[in-house]
Amino acid sequence: MRPIIDGVMRQLAGATAEPQRILKLHPVSRDLAAGLLSRSTYVAWLSQLFFVHRALEWHLGRLRAVVPALGFVVRDHYFHTPAIASDLACFGVGLQRLTPLAPTSVLVEMIDGLAVRAPLALLGLAYVLEDAKNGGRQMAKRARLAYRLPPGQGVAFLDPYGEAQRQRWLDFKIDMEATGFEPAEVKVMADAAVMMCKAMIHLLDEIVAVERVTRRAPAV
């Protein structure tokens, strides 16, 4: 019998419907899905997401031991920072060379603040990032072709679960529902998820702006 997913997941989806739509229609998201994103923009995108995931996953990792709801939902396979680092290494980018853009720093500060004020809000952020994994297998295939990558390299972040993607997402939804959040807690997570979507849109805008300036800069 197929599980019925309702409640918190439906409310998160409803709250984020419009910002998620805008995020998915952003030129970076659209080109990535189509396999048309430039190599430099792909690397820039991964570079900024490294900071976002590192911050969120550090807090989730330490707080799940003291916040029961986080301990119930958060699993090690939701931690994608190592995959991003591995993908960047495939493009010859070392972590010591990375610099956060202004919107990235703002987002990291938001994550740090939520971890202190409202730890459950971190699940709203995780919801947005895990939802983005749906469709990642096709994106990974197109990226592999676009960047002429060897099998299994450079796209671990896009396709971290392989054949297990659908089950991972189902497990996340079931765990979220089974936790039994109070309405006020759901609102905290939904508000955080909306903030995450909007922050990601600002981040993508900045990546595009920086890439545009970089392309126009004269060669030295």
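Bear in mind that the values in this text are calculations on the coordinates, not laboratory data. What you see is a predicted model; the values in this text were computed from it and never measured.
List the extent of the Cα atoms of the stretch 1-118 along each of their three principal axes, largest first, rounded to whole Å.
Largest to smallest, the principal-axis extents are 42, 31, 31 Å.
Taking the Cα centroid of the stretch 166-220 and of the stretch 85-145, what is the distance between the two, rounded to the nearest whole Å?
8
Against the longest alpha carbon principal axis of the chain, how many degrees, from 0 to 90 and to the nearest 10, is the axis of helix 136-146 turned?
On a 0 to 90 degree scale, this one is about 0.
Using Kirkwood radius over Cα pairs in Å as the read-out, say which of (i) 18.0; (ii) 17.5; (iii) 21.1 was calculated from these coordinates.
Among (i) 18.0; (ii) 17.5; (iii) 21.1, the one derived from this structure is (i).
Using only the alpha-carbon atoms, how far is helix 8-25 inclined from the longest principal axis of the chain? Give it as 0 to 90 degrees, nearest 10.
With both axes taken from Cα atoms, the answer is about 20 degrees.
Convert each backbone phi in the stretch 82-96 into a coupling constant with the Karplus relation 6.51 cos²θ - 1.76 cosθ + 1.60 (shift: θ = phi - 60°), then list the ³J(HN,Hα) values in order as whole Hz, x for Gly and Pro.
x, 5, 5, 4, 5, 5, 4, 4, 5, 9, x, 9, x, 5, 5
Can you give the angle from 0 to 90° between the axis of helix 39-63 and the longest principal axis of the chain, with both taken from C-alpha atoms, to the nearest 10?
Compared with the principal axis, the helix lies near 30 degrees.
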